[in-house]
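Below you'll find the structure, written out as structure tokens, and then a few comments.
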């Protein structure tokens, strides 16, 4: 049962993204691994919000980050980045993030 939580979560997020692609979407490339959150925030983007919780059943807090493209307030592209907490640091199961505009 543990291995099904993360794929189910990612599947739900993917479905939500697919429903909203009628606006505009593009791919945001981020690092696959890092030691701190800042390693996963590309130039020109800012961390808008984050939450922690165990997404894959290993009793470690994983992270969900909401990134927003830097610039004027208003209708800016956003991206949801999932980070898993491993013994070697943070890693993302999906390297390319679908970003909504």
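The values are calculated or read from the model by the stated rules, or taken from the named source; none is laboratory data. Model, not experiment: these values are computed from the prediction. Quick reminder, even Gly has a Cβ in these numbers, built from the backbone with ideal geometry, and neighbours come from all protein chains shown.
For beta carbons closer than 6 Å, sequence separation of 6+ or different chains, a first residue in segment 84-101 that is under 16 Å from residue 69 (Cα atoms) and a second that is surrounded by 13 or more Cβ atoms within 10 Å (Cβ to Cβ) and at pLDDT 85 or above, the qualifying pairs are 97/81. Among the residues making up segment 34-56, those that are touching a residue at least 40 places away in the same chain (Cβ under 8 Å) and surrounded by 13 or more Cβ atoms within 10 Å (Cβ to Cβ) are 34, 37, 39, 40, 55, 56.
Which one is farthest from residue 31 (Cα to Cα), of the residues in segment 59-70 that are free of Cβ contacts under 8 Å to residues at least 24 places away in the same chain and surrounded by fewer than 17 Cβ atoms within 10 Å (Cβ to Cβ)?
The first filter runs over segment 59-70 and keeps only residues free of Cβ contacts under 8 Å to residues at least 24 places away in the same chain, leaving 59, 62, 64, 66, 68.
Applying the additional criterion that residues be surrounded by fewer than 17 Cβ atoms within 10 Å (Cβ to Cβ) yields 59, 64, 66, 68.
Details: 59: 24, 64: 15, 66: 15, 68: 17 Å.
Per the criteria, the residue is 59.
Within segment 86-101, the set of residues being surrounded by fewer than 18 Cβ atoms within 10 Å (Cβ to Cβ), modelled with pLDDT of 85 or more and in a strand (DSSP E or B) comprises 86, 89, 91.
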